[in-house]
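The values are calculated or read from the model by the stated rules, or taken from the named source; none is laboratory data. Small disclaimer: the values here were computed from a predicted structure and weren't measured. As a convention, Cβ positions derive from the backbone with ideal geometry for all residues, glycine included, and neighbour counts pool all protein chains shown.
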Amino acid sequence: MQLEGALKDFLLEESQENLEKVMEEGSRLVNYFARLYGGKNFQEDLVQSGFEGLLKAVKKFDHRRGVSFATYASHCIMGEIRHHLRRESKYYRPGCLTDLQSRVDRVIEERLKEGEELPTTGELAEILNVKEEGVIQVMQAGMVSLDEINWSEIKHQRHENFRLPIEDRLLLEESLDNLSSFQHKVIDLLFFQDLTQMEVAARLGISQRKVSRLKVKILKEMEKNLGELQPEY
């Protein structure tokens with residue numbers, strides 16, 4: 001029995017037996033999102049959250065909205081799992097991994113909006129330009145410590161003009177994280193906000209010569225940090 005048919009039977013007769021059939025038919029969606037957001041060894045808590053989302057979908061679904069139940073249920077399941085992750089996430093996530101996770105969310109939401117099939121891990125990997133195993137590692141960020149992530153798998157598939165590969169962005173971000181807050185501010189103003197040394201000096205209340213010396217010193221420190229970090233990837 002398909003999910004839509006199981007829901008129809010439940011709406012005709014709201015029995016426990018028919019509800020269990022809906023849960024059974026919807027388990028594929030629950031497991032899809034639990035595996036996507038939890039990795040290979042996804043937690044039972046994610047599955048539980050997914051079924052809570054499915055149950056909410058059953059209770060709140062309105063066919064007059066012109067959306068299939070499978071699409072609506074997917075939104076509810078994904079929402080509950082993401083809510084659980086936000087609540088339970090206790091580990092640091094590098095910014096570029098957070099960005100990739102957000103891109104995964106957007107791809108899925110777009111597929112649901114268009115009524116298309118949910119993307120496989122391979123399709124997500126192609127869209128994100130990350131190796132397939134890398135997608136699994138990316139989605140675990142925040143739920144496990146950084147030591148438990150296999151960084152060697154998070155690599156790009158193809159070269160993109162004017163864009164650093166994901167592994168280089170990770171290195172750069174970690175190198176920046178090793179700077180002091182003041183050093184980070186100097187780099188941000190010079191290279192991310194594109195201010196001149198004179199403008200940075202005025203912003204920070206120091207001389208242009210001081211900014212120049214800081215720039216050289218910080219870049220040397222970042223180069224040293226990158227050299228130390230490189231073997232880990």
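Residues that are modelled with pLDDT under 90, aromatic (Phe, Trp, Tyr) and not assigned by TED's automatic domain parsing to the domain that holds Leu100: does segment 26-42 have at least one?
The answer is yes; a qualifying residue exists.
What are the residues in segment 96-120 that are exposed (fewer than 15 other Cβ atoms within 10 Å of the Cβ), within 14 Å of the chain's Cα centre (by Cα) and not charged (D, E, K, R), if any?
Those that are exposed (fewer than 15 other Cβ atoms within 10 Å of the Cβ), within 14 Å of the chain's Cα centre (by Cα) and not charged (D, E, K, R): Thr98, Ser102.
Can you name the number of the only condition in (1) in contact (Cβ under 8 Å) with a residue 40 or more places away in the chain; (2) under 18 Å from the mean Cα position of the chain (by Cα); (3) part of a helix (DSSP H, G or I) that Thr71 fails?
Answer for Thr71: the failing condition is (2).
Please list, ordered by first then second residue, the pairs with beta carbon atoms under 7 Å, 6 or more apart or interchain, first in segment 214-227 and at pLDDT 85 or above, second surrounded by 12 or more Cβ atoms within 10 Å (Cβ to Cβ).
Partner pairs satisfying both residue conditions: Leu214/Val186; Lys215/Val186; Lys215/Leu190; Ile218/Leu179; Ile218/Gln183; Ile218/Val186; Ile218/Ile187.
Do we have Phe182 as free of Cβ contacts under 8 Å to residues at least 12 places away in the same chain, out of contact with any Leu (no Cβ under 7 Å at 6 or more places or on another chain), within 22 Å of Asp99 (Cα to Cα) and assigned by TED's automatic domain parsing to the domain that holds Glu223 here?
Values: free of Cβ contacts under 8 Å to residues at least 12 places away in the same chain: yes; out of contact with any Leu (no Cβ under 7 Å at 6 or more places or on another chain): yes; within 22 Å of Asp99 (Cα to Cα): no; assigned by TED's automatic domain parsing to the domain that holds Glu223: yes.
In short, no.
So Arg93 passes all but one of these: (1) surrounded by fewer than 21 Cβ atoms within 10 Å (Cβ to Cβ); (2) touching a helix residue (DSSP H, G or I) at 6+ places or on another chain (Cβ under 9 Å); (3) part of a helix (DSSP H, G or I). Which condition number does it fail?
Checking Arg93 against (1) surrounded by fewer than 21 Cβ atoms within 10 Å (Cβ to Cβ); (2) touching a helix residue (DSSP H, G or I) at 6+ places or on another chain (Cβ under 9 Å); (3) part of a helix (DSSP H, G or I), the one that fails is (3).
Are any of the residues in segment 75-82 among the charged types (D, E, K, R), surrounded by fewer than 16 Cβ atoms within 10 Å (Cβ to Cβ) and part of a helix (DSSP H, G or I)? Explain how you work it out, then say what you get.
Within segment 75-82, the subset among the charged types (D, E, K, R) is 80, 82.
Pick out the ones that are also surrounded by fewer than 16 Cβ atoms within 10 Å (Cβ to Cβ) and you get none.
No: zero hits.
I'm trying to understand the selection: among the residues of segment 191-207, which are out of contact with any helix residue (DSSP H, G or I) (no Cβ under 6 Å at 6 or more places or on another chain), in a helix (DSSP H, G or I) and among the aliphatic types (A, V, I, L, M)?
Residues satisfying the conditions are Ala202, Leu204.
Only residues that are in contact (Cβ under 8 Å) with a residue 40 or more places away in the chain and assigned to a loop (DSSP other than H, G, I, E, B): list them for segment 124-153, please.
Gly142, Met143, Ser145
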